[in-house]
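What follows is a single structure, written as structure tokens, with notes after it.
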Amino acid sequence: MTIQYAILGLLSWHPFSGYDLKKVFADSAALYWSGNNNQIYTALIQLHKEGLVTRDVQVQESLPAKKIYTITEKGRAALKQWVLSMPELPEFHNTFLIQLTWADLLDSRELDALLASYEDEVRVQLLMQQEKANRQDTSPARTRREAYLSEMISQNLISIYQNELSWIGKVRQGLQHLEKSG
């Protein structure tokens, strides 16, 4: 996902300032982008130069001026073209699997502690995703279909963590069985 298309998508709902976009990214389960503020503002500048968004500067009394961005028809067309493009397959980059590849270097106690630590972290992430799903993001649901798709996205993310917890349980049980059978 490029940040530009995520921004265009958010702006297709309603106008946002760069600061408000940052908050939506931070609160969203589906918008996993984790870049910095400069990337948001750089993307907004580029989108503005390309005529995909407009910018309205709102003067505030005791605060700096606020720039509000709105998607243009050209921006909507670009967003639609991207949505229609061939979807990318999910990328599975799990550093823990690489660690586990050489975990035979550890004694049983160390390995169990590593697995327990990973299990705890996955459990925390699952709870966070469930909480985000309960809050239903900060994005407005414009249609029933859009609300349904948003819920399905949340369920997908939750199922990934649930599956990881199930898998780590199997790994730990299998290792206990190996220890007992000597």
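All of the numbers you see were taken from the coordinates with simple rules; none came from a lab. Predicted model, so just to flag it, every value in this text is computed and none were measured. Reconstructed Cβ throughout: ideal geometry from the backbone, glycine too, with neighbour counts over all protein chains shown.
For this structure, a couple of remarks:
- Between the Cα long axis of helix 73-84 and the first principal axis of the chain there is an angle of about 20°, rounded to the nearest 10.
- Label-point gap, in nm, between Glu151 and Leu114 - each point 7 angstrom along Cα→Cβ: 4.1
- Cα centre as origin, Lys/Arg/Asp/Glu Cβ charges: region 3-84 dipole, Debye: 140
- Cα gyration tensor shape for the chain, rounded if a/c is under 1.5, else prolate or oblate: prolate
- Once C-alpha pairs closer than 8 Å and six or more residues apart are averaged by separation and normalised to the residue number of the chain, the relative contact order reads 24 percent.
- The residue list Met128, Gly182, Ala6 was ranked by how far each Cα lies along the charge dipole of the chain toward its positive end, using unit charges on Cβ atoms, and Ala6 comes out on top.
- Helix 37-49 vs. the chain, principal-axis angle (Cα, 0 to 90°, nearest 10): 40
- Annotation: amide H-H contacts under 5 Å for Lys67 (H modelled 1.01 Å from N, sequence separation of 5 or more, or interchain): Gly18, Gln58.
- Between helix 108-135 and the chain: long-axis angle, C-alpha atoms, 0 to 90°, nearest 10: 30
- Per-residue ellipticity at 222 nm computed for the chain from its helices equals -22000 deg cm²/dmol, with DSSP H segments shorter than 4 residues left out and the rest contributing -39,500 (n - 2.57).
- Label zone at Ile160, where the point sits 7 Å out along the Cα-to-Cβ direction: region 94-116 residues whose backbone N lies under 13 Å: 94-95
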